[in-house]
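Here's the structure, in structure tokens; my notes come after.
The values are calculated or read from the model by the stated rules, or taken from the named source; none is laboratory data. Given the structure is predicted, the values throughout are model-derived calculations rather than measurements. Here the Cβ is made from the backbone with ideal geometry for all residues, glycine too, and neighbour counts use every protein chain on show.
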Amino acid sequence: MLLVHRAPDGAAGGIIVEAEAYRQDDPASHSFRGKTARNAPMFGPPGHGYVYFTYGMHWCFNVVSGREGFGEGILIRAIEPTQGIAHMKRRRGMSVLRDLARGPGRLGQALAIEPAHSGIDLVRGPLGIWQPPDRVRRRYRRRIAAGPRIGITKGVAAPWRFVSLGCPFVSGRAPSSP
């Protein structure tokens with residue numbers, strides 16, 4: 001799928017190459033202890049965004065995926081930049097293509113994701129996920145591997161991290177098999 005933000009300072013986006021799933025009954029999920037003001041968007045309708053701040057410096061982006069009232073989401077960990085690369089380079093203050101949106105914090109900065117995107121409709125808003133054109137989909141037909149999530153301390157064993165095998169834009173080491 002294609003993640004794009006039509007930001008006021010320039011549109012940018014790319015193909016999603018890494019994501020992690022989180023459910024309400026998962027101790028690593030922000031929704032595990034129930035609904036709060038901070039995580040309320042996770043309990044909203046599917047197809048909306050949930051944005052949270054981490055490590056005192058990064059905005060991370062999730063797609064709400066569960067039925068309304070059940071806190072479930074998919075953290076988008078990395079994209080392969082395909083459009084608005086100059087905007088991403090400016091926002092990140094760097095020029096290494098591979099590192100522009102590899103990791104959830106870098107992705108948030110590269111796409112200018114901010115708290116206002118929490119709860120946004122990802123079909124009708126300026127930030128969204130769409131199916132790419134056929135020519136792009138054919139180019140990205142890679143195998144997907146599942147493995148343990150990274151960067152967490154609880155629920156580590158769940159094989160809910162999904163990466164595009166052989167893609168240099170994923171964050172961290174890819175699981176070894178599909």
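Summary of values
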| quantity | calculated |
| --- | --- |
| When residues of the range 168-178 are limited to those that are surrounded by 12 or more Cβ atoms within 10 Å (Cβ to Cβ) and either among the polar types (S, T, N, Q) or in contact with a Phe, Trp or Tyr (Cβ under 9 Å, 6 or more places away or on another chain) (or both), the one farthest from ILE74 (Cα to Cα) | PRO175 |
| In the range 77-116, the residues that are closer than 26 Å to PRO41 by Cβ, of a type in the set (A, V, I, L, M) and not in a loop (DSSP other than H, G, I, E, B) | ALA78, ILE79, MET88, LEU107, ALA110, ALA116 |
| Meets criteria (touching a Phe, Trp or Tyr at 6+ places or on another chain (Cβ under 7 Å), farther than 29 Å from ALA40 by Cα and of a type in the set (D, E, K, R)) for ARG142 | no |
| Verdict on GLU72 being modelled with pLDDT of 95 or more, among the acidic types (Asp, Glu) and under 20 Å from ILE150 (Cβ atoms) | yes |
| Residues (under 15 Å from the mean Cα position of the chain (by Cα), surrounded by 15 or more Cβ atoms within 10 Å (Cβ to Cβ) and not in a loop (DSSP other than H, G, I, E, B)) located in the range 117-163 | HIS117, LEU127, GLY128, ILE129, ARG161, PHE162, VAL163 |
| Test: residue in the range 104-126 that is of a type in the set (Asp, Glu) and in contact (Cβ under 8 Å) with a residue 12 or more places away in the chain | yes |
| Residue list for the range 45-58, restricted to those being within 21 Å of TRP160 (Cα to Cα) and either of a type in the set (A, V, I, L, M, F, W, C) or surrounded by 19 or more Cβ atoms within 10 Å (Cβ to Cβ) (or both) | HIS48, GLY49, TYR50, VAL51, TYR52 |
| Where a residue in the range 25-41 is in contact (Cβ under 8 Å) with a residue 12 or more places away in the chain and its partner, wherever it lies, is exposed (fewer than 15 other Cβ atoms within 10 Å of the Cβ) and of a type in the set (Gly, Ala, Ser), with Cβ under 9 Å and at least six apart | LYS35/GLY69 |
| Count - residues of the range 4-23 that are more than 18 Å from the chain's Cα centre (by Cα) and either at pLDDT below 95 or not charged (D, E, K, R) (or both) | 2 |
